[in-house]
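Written below as structure tokens is the structure these notes are about.
The values are calculated or read from the model by the stated rules, or taken from the named source; none is laboratory data. Keep in mind it's a predicted model, so treat the numbers as computed, not measured. All Cβ positions, glycine included, derive from the backbone under ideal geometry; neighbour counts span all protein chains shown.
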Amino acid sequence: MSEKRTVTLEIAGAKYRMTSDAEEDHLRRLAEMINERMEGLGAKAQRTASPAQLLAVVALGLADDLLTAEQRRLDVERVTRDAVTRAIARIDERIGA
């Protein structure tokens, strides 16, 4: 069982103290990714939107990335499965199975 540890992360200018069994460096990289995405929204967005609105936009972007990656994974699985199936069929043909 993993050891729980408490870490304080800064996200969107606010500090969050959390207890997790995840590695602290991993959590810091995730927080950094969120902060970078918020910065990527631009200065105007940061001036006109609340931190909660900015976080919602970042969350939607991350969710979209996740769905896109999952679809790519499924596509690669399908292509791989089809290629293996065709290769097995060719082998079976050659050995007369």
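What the table shows:
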quantity: Index of the failed condition, Asn35 passing every other in (1) over 23 Å from Tyr16 (Cβ atoms); (2) more than 13 Å from the chain's Cα centre (by Cα); calculated: (1)
quantity: Helices (runs of 4 or more DSSP H) completely within the chain that count 3 or more residues being surrounded by 10 or more Cβ atoms within 10 Å (Cβ to Cβ) and at pLDDT 95 or above; calculated: 24-40, 51-95
quantity: Condition met for Glu3 (without any contact (Cβ under 8 Å) to a residue 24 or more places away in the chain, farther than 20 Å from Ala59 by Cβ and acidic (Asp, Glu)); calculated: yes
